[in-house]
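Visitor: To start, I am sharing the structure in question, which I have written as C-alpha cells.
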C-alpha cells in the first residue's frame, strides 16, 4: 500500500504530475491514492516533505542467497552461428564476474556446438557448459527451457544473462518462472551494487520514456535479458584458457511436445535489423515500394541494412521484420538515417537510443527533427541519391 | 474449442510527443486503449471460433476501469469478459502477474487454446505469455505470425524468428503469443457495440481465484523497482539549410567516421 501522511503532505501536487498511472490526485490539500497505483515508488522519491511511503510488502525470502555463485551467459546458437549478442554478454558478464570475484561461464546448446566452445573461452568465459545433440538443433521452448533449468538447479549461478532476441525472450521467462525467480527484460545497463553485491538491472519502460532500475533481492538466480548492440563485445584473446564441460541433459528434459517442421530463413535482406550498426529506414514519404530501392542503394553503399516505419510496412512496401517502433523492433545502431519518417512517438521509441540519428524530411517541424542529431530538409528523392553518390565519391 | 484471450489495458501513446527540452512524454489527457498486440490475439481467437465453433473468453488483470477493454473485446466478438481486480495485486511484476492470471484461468475452467499479444506496449517485457503457459503447464510458442492449420488435437503455426520463421506443430491445449502480422483486426459492428453495452463483466478478486497472498502483488514479486528516472536527453541537434547538395555536403563531412 502507498501510505500518505497528511500531516506532512503540503498538497504541492508534484506526485500527481509525476505519476505515470494517474493514480494520485490532490484533494483538500492532501494527496489521495486511487486503485491505479502500481506501487512503482516514483512518487516516494520525488516527495520532498517525505509524506509518501510504501508499506505492507512482506518480502518473501525464497532462496538461500549464499548458495548461489558465478555469472552465466547464455550463448545463442542457430543455423551454425553464435548470435553476436553472446559476445556482448560475455563483455558485460566479465565485468560483473570480476566485480563479484566469481567465475564467468557460458552455456551453449545445439547440434555440433563443441567446436564453438573455443570462441566463447577466447571472449572471456572461464567455463563453458555445452549440451550437444540433435534434440537441441532446433529451438524449442520446452527443451531449451528444461535443459537450462536443470543446469541452473545443479550449478546454482547467482546471475544468468541472455540476449533479448526472439529466442531469449521466448524461453528465458519460462526458466525464471519455474525457478520462482525474477527476470528483467531488455536491460540496457547492468551493474553490481557494491554494498551487497546485488545485480542492478536498468531497462527502459513506457517505450523508453522512463528508465527503471530493478533488483531481485530475495531469490536466485538474478536473471536478465539484454538488448543486442547495447553492451560492448568482449575483445577475443585466442590464448585464453578455460574449462569445457559437456553436459548431458536428462531424457525427460529433451522430450518435447513441440515439433519444428521447417525453419525458413528470409531471403530478401536477410539481416536482423537489431544486429547491424547502420540502418537506413524508410517511411510514408517514400510513396511506394520503388522508393525503397533508393534506401537499399544507400544501405548497400554504407554496408548497412534497411528498416522501415509502421506506415511503410502497413502499406505493404516492405515486410514486418523490418519494422522499427512500438509494434515492431527496438533497434540501437550507431547510425540511423530516417527517410520520409515523421517520427511519431511510436516510431521514436524504437530507435531513439541510436548513437547518431539523421532525419531526411520535407517538414522541419516533423517530430523526427526533435530527436535527430542532423536534419536535412527537403525532398528525399533529391537528397538520398545525392547522399549515396557523395559517399561513393568520398570513398574514392 | 474454448479459447481464452488475455488482454491488457495500456496508455494510448498516439499523438503524444516527446518534449525535446525535458525528454519526457507529455502524458496529459492520454486515454487508455486495448494493448495493440492483444487486439490481434482477440481477432485470431474470434476467427478460430467462427471456423471451429466454441467460445472466446477475454481475461484482464487491472484496476476496475480495465472493464472498458473487456467490453470492447465483447464488441469485437468475445463471448464474455472477466476482470481480475484487487488492490492486493498492485505492484505485481511479471512473475506475480503470470501466477495471478494462471489462477484466474484455472478458476474459469478448461481452455483448449490461450492467446496473448506478444507483449504490452507499456512494459514491453513479453514475459507474461510464457509465464502463464508455465503456470498452466502448457506447451507454448511465442511471436506467432500465422495459424496454418488446426485439427486432431494439434495446431500448426508459423512463428517469427530473427532470421526468418519456423513452422511449428504443437498439441492442444497450448498457448500462443501473436505478432501483428497474424491478421487485420475487424472494426466493431453496431450489433457488437450493442452486445458490449449490455455485457456483464465478471469481476474476480484474489479470494475468488484462491490466489495465495504471498504470490501476488508487490510481496509476491521477485523483482522490485529500485528507482525510476528519465533518460538523459539526446545531445545537440543540427538542422541543415541550403540546397540539397549543400546539406548533403555538410552531412557527409560530419559522418566521415562511418565511411
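The values are calculated or read from the model by the stated rules, or taken from the named source; none is laboratory data. None of the values given here were measured: they were computed from a predicted structure. So basically every Cβ, Gly included, is an ideal-geometry build from the backbone, and we count neighbours across all protein chains shown.
Visitor: With the requirement that a residue be farther than 16 Å from residue A:336 by Cα and surrounded by 20 or more Cβ atoms within 10 Å (Cβ to Cβ), what does region A:353-376 give you?
Guide: The answer is A:366, and nothing else.
Visitor: With farther than 30 Å from residue B:78 by Cα and either touching a helix residue (DSSP H, G or I) at 6+ places or on another chain (Cβ under 8 Å) or at the interface with another protein chain (Cβ under 9 Å from one of its Cβ atoms) (or both) as the only criterion, which of B:204, B:251 stands out? Walk me through how you get there before you give the answer.
Guide: Values: B:204 fails: farther than 30 Å from residue B:78 by Cα.
Just one listed residue meets the conditions, B:251.
Visitor: Next question. May I ask you to list the residues in region A:368-385 that are facing another protein chain (nearest Cβ under 8 Å), in contact with a strand residue (DSSP E or B) (Cβ under 9 Å, 6 or more places away or on another chain) and either at pLDDT below 90 or not in a loop (DSSP other than H, G, I, E, B) (or both)?
Guide: Those that are facing another protein chain (nearest Cβ under 8 Å), in contact with a strand residue (DSSP E or B) (Cβ under 9 Å, 6 or more places away or on another chain) and either at pLDDT below 90 or not in a loop (DSSP other than H, G, I, E, B) (or both): A:369, A:370, A:371, A:374, A:375, A:376, A:377, A:383.
Visitor: Can you report the number of residues in region A:180-192 which are more than 9 Å from chain B (Cβ to nearest Cβ) and over 12 Å from the mean Cα position of the chain (by Cα)?
Guide: 2
Visitor: A further question on this structure: Please pick out the residue among A:316, A:325, A:350 that is touching a strand residue (DSSP E or B) at 6+ places or on another chain (Cβ under 6 Å) and either touching a residue at least 12 places away in the same chain (Cβ under 8 Å) or over 25 Å from residue B:119 (Cα atoms) (or both).
Guide: A:350
Visitor: So how many residues does region A:210-241 have that are buried (at least 23 other Cβ atoms within 10 Å of the Cβ), at the interface with another protein chain (Cβ under 7 Å from one of its Cβ atoms) and either within 12 Å of the chain's Cα centre (by Cα) or at pLDDT below 90 (or both)?
Guide: 0
Visitor: Looking at (1) over 17 Å from the mean Cα position of the chain (by Cα); (2) in contact (Cβ under 8 Å) with a residue 60 or more places away in the chain; (3) away from chain B (no Cβ under 11 Å), can you tell me which one residue A:196 breaks?
Guide: Just one mismatch for residue A:196, condition (2).
Visitor: Sticking with this structure for a sec: Being in a helix (DSSP H, G or I) and touching a helix residue (DSSP H, G or I) at 6+ places or on another chain (Cβ under 8 Å) is true for just one of A:160, A:147, A:128. Which residue is that?
Guide: Step by step, each of A:160, A:147, A:128 is checked, and only A:147 is in a helix (DSSP H, G or I) and touching a helix residue (DSSP H, G or I) at 6+ places or on another chain (Cβ under 8 Å).
Visitor: Of all residues in region B:219-234 being farther than 27 Å from residue B:131 by Cβ and more than 7 Å from chain A (Cβ to nearest Cβ), which is surrounded by the most Cβ atoms within 10 Å (Cβ to Cβ)?
Guide: B:233
Visitor: Quick check on this structure: which one of B:176, B:170 is surrounded by 23 or more Cβ atoms within 10 Å (Cβ to Cβ), more than 8 Å from every other protein chain (Cβ to nearest Cβ) and part of a strand (DSSP E or B)?
Guide: The conditions single out B:176.
Visitor: Can you give me the number of residues within region A:194-206 that are more than 20 Å from residue A:156 (Cβ to Cβ) and modelled with pLDDT of 95 or more?
Guide: 1
Visitor: Among the listed residues B:78, B:41, B:73, identify the single one that is under 30 Å from residue A:180 (Cα atoms) and touching a residue at least 24 places away in the same chain (Cβ under 8 Å).
Guide: Sole residue among the options that is under 30 Å from residue A:180 (Cα atoms) and touching a residue at least 24 places away in the same chain (Cβ under 8 Å): B:41.
Visitor: Follow-up. Can you tell me which residues in region B:131-149 are touching a strand residue (DSSP E or B) at 6+ places or on another chain (Cβ under 6 Å) and surrounded by 24 or more Cβ atoms within 10 Å (Cβ to Cβ)?
Guide: If the condition is that a residue be touching a strand residue (DSSP E or B) at 6+ places or on another chain (Cβ under 6 Å) and surrounded by 24 or more Cβ atoms within 10 Å (Cβ to Cβ), then B:133, B:140, B:141, B:142, B:143, B:144 are the ones that fit.
Visitor: Another one. Would you mind listing the strands (runs of 3 or more DSSP E) fully within region A:1-114 where at least 1 residues are in contact with a helix residue (DSSP H, G or I) (Cβ under 7 Å, 6 or more places away or on another chain), crowded, with 17+ Cβ neighbours inside 10 Å and at pLDDT below 95? Write out each step before concluding.
Guide: Values: elements: A:2-4, A:24-27, A:30-33, A:52-54, A:71-75, A:104-110.
Counting at least 1 such residues, we get A:24-27, A:30-33, A:52-54.
Visitor: Just give me the residues in region B:208-218 being touching a residue at least 60 places away in the same chain (Cβ under 8 Å) and either part of a loop (DSSP other than H, G, I, E, B) or within 8 Å of chain A (Cβ to nearest Cβ) (or both), in sequence order.
Guide: Correct list: B:208, B:209, B:210, B:211, B:216, B:217, B:218.
Visitor: Taking the options A:262, A:277, A:297, name whichever one is away from every other protein chain (no Cβ under 11 Å) and surrounded by fewer than 22 Cβ atoms within 10 Å (Cβ to Cβ).
Guide: That would be A:297, the only listed residue that is away from every other protein chain (no Cβ under 11 Å) and surrounded by fewer than 22 Cβ atoms within 10 Å (Cβ to Cβ).
Visitor: Assuming residue A:163 fulfils every condition listed in (1) surrounded by fewer than 18 Cβ atoms within 10 Å (Cβ to Cβ); (2) within 11 Å of chain B (Cβ to nearest Cβ) apart from one, which condition is it?
Guide: (1)
Visitor: If you check A:157, A:103, A:173, which single one turns out to be away from chain B (no Cβ under 14 Å), within 30 Å of residue B:93 (Cβ to Cβ) and within 22 Å of the chain's Cα centre (by Cα)?
Guide: Values: A:103 fails: within 22 Å of the chain's Cα centre (by Cα); A:173 fails: away from chain B (no Cβ under 14 Å).
Unique residue meeting the criteria: A:157.
Visitor: Hey, could you check region B:179-201 for residues that are within 25 Å of residue B:111 (Cβ to Cβ), in a helix (DSSP H, G or I) and touching a helix residue (DSSP H, G or I) at 6+ places or on another chain (Cβ under 8 Å) and say which is farthest from the other protein chains (Cβ to nearest Cβ)?
Guide: The selected residue is B:195.
Visitor: Under the condition of being without any contact (Cβ under 8 Å) to a residue 12 or more places away in the chain and more than 8 Å from chain A (Cβ to nearest Cβ), which residue from region B:114-152 is farthest from residue A:328 (Cα to Cα)?
Guide: This residue is B:152.
Visitor: Let me ask something else about it. Which numbered condition in (1) surrounded by 19 or more Cβ atoms within 10 Å (Cβ to Cβ); (2) in contact with a strand residue (DSSP E or B) (Cβ under 9 Å, 6 or more places away or on another chain); (3) within 29 Å of residue B:141 (Cβ to Cβ); (4) touching a residue at least 24 places away in the same chain (Cβ under 8 Å) is the only one that residue A:205 fails?
Guide: Going through (1) surrounded by 19 or more Cβ atoms within 10 Å (Cβ to Cβ); (2) in contact with a strand residue (DSSP E or B) (Cβ under 9 Å, 6 or more places away or on another chain); (3) within 29 Å of residue B:141 (Cβ to Cβ); (4) touching a residue at least 24 places away in the same chain (Cβ under 8 Å) one by one, residue A:205 breaks only (4).
Visitor: Just checking, which of A:327, A:388 is outside the structural domain of residue A:84 (by TED's automatic domain parsing), under 20 Å from residue A:273 (Cβ atoms) and outside any helix (DSSP H, G or I)?
Guide: A:327
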